[in-house]
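Peer 1: Have a look at this one before I ask anything.
The values are calculated or read from the model by the stated rules, or taken from the named source; none is laboratory data. Bear in mind that the values here come from a model prediction, so they are computed numbers and not experimental data. All Cβ positions, even for glycine, are placed from backbone atoms using ideal geometry, and neighbour counts span all protein chains on display. Protein only, heavy atoms only, side chains kept; ligands, DNA and RNA dropped before computing areas. Shrake-Rupley method; radii C 1.70, N 1.55, O 1.52, S 1.80 Å.
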Amino acid sequence: MSRTQFHTGTTAAEAADAALAASGITSGMTVLVGGFGMAGMPVALVDALIRHGADDLTVVSNNAGNGDTGLAALLAAGRVRKVVCSFPRQHDSWVFDGLYRAGRIELEVVPQGTLAERMRAAGAGIGAFFCPTGVGTLLAEGKETRTIDGREHVLETALRGDVALIGAHRSDGVGNLVYRKTARNFGPVMATAAAVTVVQVDEVVPTGALDPEAVVTPRIYVDHVVDLSPATGPTTDPTTDPTTEEPQA
C-alpha cells in the first residue's frame, strides 16, 4: 500500500486544510511553492497555509507573487520572512515590492536554472555543485569559486525544503503524478527536494489509468494529495482547458 494520504472534503478548502494540518508544517520552516507565475500555482494549498497560521516562513518559488492571490496573499498576510526566487518583480508584484521597499521581507535572488538545479541536487543527495552562472556578479559574492576546464565556476549548495506545495494535473490512486504543460515547471524537483510534499490535483484517476511512461513524479515523493476535481474546487491553473488531455511522453 502507498504511504500517500488522500484528502477530500465537502469543499476544496476543507480538503486543503486537512492536508496542511497533516503535513506537520510549523512556523520557521522552509516551504517550496510550485508555479511559474500563476501556471501551476497551488492556490488552494497556499490559501490553506494562510488559514493554518504558520509564520516566519522562508518561501522558495520562481516568482515573489502575482497580483493579490496565491503567494502574493501569503506575503500580504505577513507570514513570510524571506523569499528565495528568480523573478521577484513583475508588473503585478506590488505586494512583494511594497514589503521589500519597507524592509519587511528578505530576498535571495537565484538564477532560474540554478534555482532548479539546487533543488534537484537536494533531491539527488548532492550537497553542492559548481556552476558558471553568476560568476563575477553580486550573486557570487562570498561563495567559493574554482576554475574548471579554463572557465570560472561558483559553488552552489543544495536547496532543501521542509514542505513542498505543488500543483499537478492528475494523480492515480496511489499518488503517481502527471502535469499539464507549463504548469509542470518546478513541481517535479520540489517534490524530491522536500521532506514532505503536498499536492493539489485536478483529478484522481484509478490506479493503472496513467501510462507508466507518462508518470513524472512517482508516488514515493508524494505524501498528501488534495483532490480538486470539479465537484470539490478549482483547477491548479485558471487558464487550463479541462477538455484537453495532458501531453504524452
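Peer 1: I need the full set of residues from segment 155-190 which are open to solvent by 20 Å² or more (accessible area, probe 1.4 Å) and of a type in the set (Val, Ile, Thr), in order please.
Peer 2: Of everything in segment 155-190, those that are open to solvent by 20 Å² or more (accessible area, probe 1.4 Å) and of a type in the set (Val, Ile, Thr) turn out to be Thr157, Val174, Thr182, Val189.
Peer 1: Something else now. Could you tell me whether any residue of segment 93-101 is closer than 25 Å to Gly187 by Cα and open to solvent by less than 20 Å² (accessible area, probe 1.4 Å)?
Peer 2: Looking for residues that are closer than 25 Å to Gly187 by Cα and open to solvent by less than 20 Å² (accessible area, probe 1.4 Å), one finds at least one in segment 93-101, hence yes.
Peer 1: Consider Thr114 carefully, then state whether it is farther than 18 Å from Gln200 by Cβ, among the hydroxyl-bearing types (Ser, Thr, Tyr) and assigned to a strand (DSSP E or B).
Peer 2: Details: farther than 18 Å from Gln200 by Cβ: yes; among the hydroxyl-bearing types (Ser, Thr, Tyr): yes; assigned to a strand (DSSP E or B): no.
For Thr114, the condition - farther than 18 Å from Gln200 by Cβ, among the hydroxyl-bearing types (Ser, Thr, Tyr) and assigned to a strand (DSSP E or B) - is not met.
Peer 1: Quick check on my filter: what residues within segment 191-201 are assigned to a strand (DSSP E or B) and open to solvent by 10 Å² or more (accessible area, probe 1.4 Å)?
Peer 2: Residues satisfying the conditions are Ala194, Ala195, Val196.
Peer 1: Report yes if some residue within segment 79-89 is under 22 Å from Val189 (Cα atoms), open to solvent by 40 Å² or more (accessible area, probe 1.4 Å), modelled with pLDDT of 95 or more and not acidic (Asp, Glu); otherwise report no.
Peer 2: Yes, segment 79-89 has at least one match.
Peer 1: If I filter segment 33-63 down to residues being touching a strand residue (DSSP E or B) at 6+ places or on another chain (Cβ under 9 Å) and of a type in the set (Val, Ile, Thr), which single residue comes out as farthest from Leu165 (Cα to Cα)?
Peer 2: Result: Thr58.
Peer 1: Scanning for something modelled with pLDDT under 95, of a type in the set (D, E, K, R), within 20 Å of Met41 (Cβ to Cβ) and not in a strand (DSSP E or B), does segment 222-240 turn up at least one residue?
Peer 2: yes
Peer 1: With the requirement that a residue be in a loop (DSSP other than H, G, I, E, B) and open to solvent by 50 Å² or more (accessible area, probe 1.4 Å), what does segment 54-71 give you?
Peer 2: In the first step, residues of segment 54-71 are kept if they are in a loop (DSSP other than H, G, I, E, B); the result is 54-56, 61-62, 64-65, 67-68, 70.
Within segment 54-71, Asp55, Asp56, Asp68 meet the criteria.
Peer 1: Please state which one of Ala194, Ala183, Ala122 is at pLDDT below 95 and within 30 Å of His52 (Cα to Cα). Show your work before the answer.
Peer 2: Numbers: Ala194 fails: at pLDDT below 95; Ala122 fails: at pLDDT below 95.
Only one candidate passes the filter, namely Ala183.
Peer 1: Hey, another quick one. Quick check, is Leu74 touching a strand residue (DSSP E or B) at 6+ places or on another chain (Cβ under 8 Å), assigned to a helix (DSSP H, G or I) and either crowded, with 20+ Cβ neighbours inside 10 Å or charged (D, E, K, R) (or both)? Before the answer, list the steps.
Peer 2: Working: touching a strand residue (DSSP E or B) at 6+ places or on another chain (Cβ under 8 Å): yes; assigned to a helix (DSSP H, G or I): yes; either crowded, with 20+ Cβ neighbours inside 10 Å or charged (D, E, K, R) (or both): yes.
Answer is yes for this residue.
Peer 1: Okay, moving on. Applying the selection to segment 93-111, what residues are in a loop (DSSP other than H, G, I, E, B) and out of contact with any helix residue (DSSP H, G or I) (no Cβ under 8 Å at 6 or more places or on another chain)?
Peer 2: The initial filter retains those residues of segment 93-111 that are in a loop (DSSP other than H, G, I, E, B), namely 93, 102-105, 110-111.
Across segment 93-111, the qualifying residues are Ala102, Gly103, Arg104.
Peer 1: From the set of residues in segment 1-43 that are open to solvent by 40 Å² or more (accessible area, probe 1.4 Å) and part of a strand (DSSP E or B), which is nearest to Ile105 (Cα to Cα)?
Peer 2: Ranking the qualifying residues of segment 1-43, first place goes to Phe36.
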